[in-house]
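The values are calculated or read from the model by the stated rules, or taken from the named source; none is laboratory data. Nothing here was measured: the structure is a model prediction, and the numbers come from that model. A quick note on method: Cβ atoms are made from the backbone with ideal geometry, for glycine too, and the neighbour counts reach across all protein chains shown.
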């Protein structure tokens, strides 16, 4: 009798819990074109649209890169005044004004010179969708 009751309960639980667990399986980066093994996630920042600027810190253990790109998830964002600081203290500020829809990525930003170690990336932003209070900005690098 107990087995007849337990099996349907287990099936219902599995059906209801599957959508909640989907986020733990990893993100499908093919949506934003980052399924190429050459791209490495350097960091991420959960951004609040009450703020206007943020920083993604990158450890030197991540390596040296020639190209960067941003991915924005969960909300639409306009990003501007991007400043890349390298490990040696040099600063690069590409002329950028990026417009993101949810689950989209920026164009590739080529860094000056040879491969360089990125220390941090600072950026200013504003929400294009005031109804969603948070978004996620990811920084990816390619050697």
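Numbers below:
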quantity: Residue under evaluation residue 62, criteria (1) modelled with pLDDT of 90 or more; (2) closer than 17 Å to residue 115 by Cβ, criterion not met; calculated: (1)
quantity: Residue tally, condition outside any loop (DSSP other than H, G, I, E, B) and either without any contact (Cβ under 8 Å) to a residue 40 or more places away in the chain or exposed (fewer than 14 other Cβ atoms within 10 Å of the Cβ) (or both), over the range 56-79; calculated: 2
quantity: Scope the range 105-129; condition buried (at least 16 other Cβ atoms within 10 Å of the Cβ), closer than 20 Å to residue 52 by Cα, modelled with pLDDT under 95 and touching a strand residue (DSSP E or B) at 6+ places or on another chain (Cβ under 6 Å); matching residues; calculated: 105, 106, 123, 125, 128
quantity: Residue ID - surrounded by the most Cβ atoms within 10 Å (Cβ to Cβ), chosen from residues in the range 81-104 that are at pLDDT 90 or above and assigned to a strand (DSSP E or B); calculated: 84
